[in-house]
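First the structure, in the form of structure tokens, and then the observations on it.
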Amino acid sequence: MGPRGWARPPTGAGMNMMKRAAKATMVVVLSAVALLAQGGSGARGESPAEPRPPVRVATAALRDIPVTFSAVGRVQAANTVLIRSRVDGPITRVLFSEGDWVREGDVLFEIDPRPYQTAVDQAEGALARDQALLASARSDFDRTAQLLNTGFASRQAYDRQAAQLAQGTAAVKVDQAALDNARLNLSFTRLLAPIGGRIGKRLVDAGNLVRASDGTALAEIVQVHPISVFFSVPQSLLNDMRVRQKTAEVEVDAATTDDRRLLAKGRLSLIGNQVDPQTGTIELKAVFANGDDVLWPGQLVEARIVIGTRHDAVTVPMTAIAPGPQGKFVYVVAADSRISVRNIATGTTADGLTVVEFGLSAGERVVVEKQDLLAPGMTITPEAASGEDVLTGQPGGRKGKPS
């Protein structure tokens, strides 16, 4: 500090540092001014082109659509058989693997056959003995009959020989029946598959003693080719279904209960013989070939039955429909490729197409994908969907979930 509190003026190195700081400040200010000038000129220029995302569209059309009724159904095997033993004894062999496909007549279990083979041998011996006695009785009877004709034998002797012949004949029949029964019991030591189908888990292991009187199930076979689905419909549909069944085969579709994906197509085979008075419904049975095993016993499915046909209905792919705050809507594509929201009311859905009751006309184009990425007023690049893509909303015909 100088005299009287005045600051001492900078000299030498201090003066040079102040000059360099002033130059740096000037550079920063000029750069900021340049950036502001560029920004201002950009704002006054034209804005960049609005993006036009490619989006696949389909055209609403008039079609004949089958009217269906849907209900939850349960899959049931065409036949279910429990394997039980008809003779007593220990299981010596198990001749299948759990979950195998078995054919009718395949051997599943073997029970110790030795006691039953012994019974067969005894029955065969008894039969041979009585057959020999019968042959002797027949010879005696024939000789007595000849002597009776010549007067050298009495009627009493003749009758006695006839009775012995009858007893021998009866004894042979009893022995034959005993032998047949012994052979039958021996055959029961080999437990055969009564039907073809898929066998479940083994319920009794080898080495265990089984008794016919216990009724213990050893395994279970279910026949799934074909397979059945049971479901119920309101009694109000009964007459329509009876009429359709008389004139043509009534189709039934089986779909998953969560995403309603089609699993199989079948036919109605049975209309129940009475209406449930508590629910006002009637039980139906549909049969499916199930060649690809998509249906499984006990599975819950959505059964859809065709109850009529809707002619000249306005339809769009079901993937075009999206949920909104005011209900279902579609994005309609104008001639200039700008999209707008159109609230609609929908009807039945069949084969990937949904009937539009009102809000849309035939010939209008609708967006079938990417609805969650779009907004009203956007301009898009429409790409026509064709074939299976129209029904699924996905390229290559891959099945998508309905909205």
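The values are calculated or read from the model by the stated rules, or taken from the named source; none is laboratory data. Since the model is a prediction, treat every value here as computed from it, not as a measurement. Every residue, glycine as well, gets a Cβ built from its backbone with ideal geometry; the counts of neighbours run over all protein chains shown.
Take Thr247 and decide whether it is polar (S, T, N, Q), modelled with pLDDT under 90 and farther than 21 Å from Val294 by Cβ.
So Thr247 passes the test.
Applying the selection to the range 104-119, what residues are surrounded by fewer than 15 Cβ atoms within 10 Å (Cβ to Cβ) and of a type in the set (A, V, I, L, M)?
Val107
Considering only residues that are closer than 15 Å to Pro323 by Cβ and among the β-branched types (Val, Ile, Thr), look in the range 333-355 and name the one that is surrounded by the most Cβ atoms within 10 Å (Cβ to Cβ). Can you show your working first?
Going residue by residue through the range 333-355, those that are closer than 15 Å to Pro323 by Cβ are 341-346, 349, 354.
Applying the additional criterion that residues be among the β-branched types (Val, Ile, Thr) yields 341, 344, 346, 349, 354.
On the way: Val341: 16, Ile344: 21, Thr346: 20, Thr349: 18, Thr354: 25.
Once the filter is applied, the top-ranked residue is Thr354.
For Pro10, are the conditions met, namely being of a type outside the set (S, T, N, Q), closer than 30 Å to Ile321 by Cα and at pLDDT below 90? Steps first, please.
Details: of a type outside the set (S, T, N, Q): yes; closer than 30 Å to Ile321 by Cα: no; at pLDDT below 90: yes.
The answer is no for Pro10.
Which count do you get for residues in the range 116-140 that are in contact with an Asp or Glu (Cβ under 8 Å, 6 or more places away or on another chain) and among the small types (Gly, Ala, Ser)?
Residues that pass the stated criteria total 2.
Looking only at the range 176-197, how many residues end up being surrounded by 18 or more Cβ atoms within 10 Å (Cβ to Cβ), in contact with a Gly (Cβ under 9 Å, 6 or more places away or on another chain) and not small (Gly, Ala, Ser)?
Of the residues in that region, 1 qualify.
Go through the range 176-231 and give me each residue that's of a type in the set (Asp, Glu) and in a helix (DSSP H, G or I). Step through it out loud before you land on a result.
Filtering the range 176-231 down to residues of a type in the set (Asp, Glu) leaves 180, 205, 214, 220.
Asp180, Asp214 - these are the residues of the range 176-231 that are of a type in the set (Asp, Glu) and in a helix (DSSP H, G or I).
Does the range 228-257 hold any residues that are among the charged types (D, E, K, R) and under 18 Å from Pro297 (Cα atoms), and which are they?
If we filter the range 228-257 for residues that are among the charged types (D, E, K, R), which is where we start, we get 240, 242, 244, 246, 249, 251, 253.
If the condition is that a residue be among the charged types (D, E, K, R) and under 18 Å from Pro297 (Cα atoms), then Asp253 is the only one that fits.
Of all residues in the range 288-302, which are within 10 Å of Ala77 (Cα to Cα) and of a type in the set (A, V, I, L, M)?
Correct list: Leu295 only.
Being among the acidic types (Asp, Glu) and outside any helix (DSSP H, G or I), is that true of even one residue in the range 153-170? Steps first, please.
In the first step, residues of the range 153-170 are kept if they are among the acidic types (Asp, Glu); the result is 159.
If we keep only those that are outside any helix (DSSP H, G or I) too, we end up with none.
No; the residues of the range 153-170 include none that is among the acidic types (Asp, Glu) and outside any helix (DSSP H, G or I).
Out of the strands (runs of 3 or more DSSP E) lying entirely within the range 312-353, which hold 1 or more residues that are of a type in the set (S, T, N, Q)? Don't jump to the end; show me each part of the working.
Values: elements: 322-324, 327-333, 339-343, 345-350.
In the range 312-353, 339-343, 345-350 are the strands (runs of 3 or more DSSP E) which contain 1 or more residues that are of a type in the set (S, T, N, Q).
Note down all Cβ pairs under 9 Å where the first residue falls in the range 358-379 and is within 13 Å of Pro53 (Cα to Cα), the second is acidic (Asp, Glu) and assigned to a loop (DSSP other than H, G, I, E, B), and they're at least six residues apart or on different chains.
That search, which allows pairs on different chains as well, returns Met378/Glu50; Thr379/Glu50; Thr379/Asp336.
Do you know which of the residues in the range 198-212 that are out of contact with any Asp or Glu (no Cβ under 8 Å at 6 or more places or on another chain) and on the phi < 0 side of the Ramachandran plot is surrounded by the fewest Cβ atoms within 10 Å (Cβ to Cβ)?
Asp205
In the range 45-89, how many are touching a residue at least 24 places away in the same chain (Cβ under 8 Å), exposed (fewer than 12 other Cβ atoms within 10 Å of the Cβ) and more than 24 Å from the chain's Cα centre (by Cα)?
Applying the first criterion (touching a residue at least 24 places away in the same chain (Cβ under 8 Å)) to the range 45-89 yields 50, 52-89.
Cutting the leftovers down to exposed (fewer than 12 other Cβ atoms within 10 Å of the Cβ) gives us 50, 53-54, 64, 72.
This time we only want the ones that are more than 24 Å from the chain's Cα centre (by Cα), so: 50, 53-54, 64.
The qualifying residues number 4.
Results for (1) surrounded by fewer than 17 Cβ atoms within 10 Å (Cβ to Cβ); (2) in contact (Cβ under 8 Å) with a residue 60 or more places away in the chain; (3) more than 17 Å from Ser70 (Cα to Cα), shown as yes or no for each residue.
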{"residue": "Gln245", "(1), (2), (3)": "yes, no, yes"}
{"residue": "Asp258", "(1), (2), (3)": "yes, no, no"}
{"residue": "Ile271", "(1), (2), (3)": "yes, no, no"}
{"residue": "Ala286", "(1), (2), (3)": "no, yes, no"}
{"residue": "Gly291", "(1), (2), (3)": "yes, yes, yes"}
{"residue": "Gly298", "(1), (2), (3)": "yes, yes, yes"}
{"residue": "Arg310", "(1), (2), (3)": "yes, yes, no"}
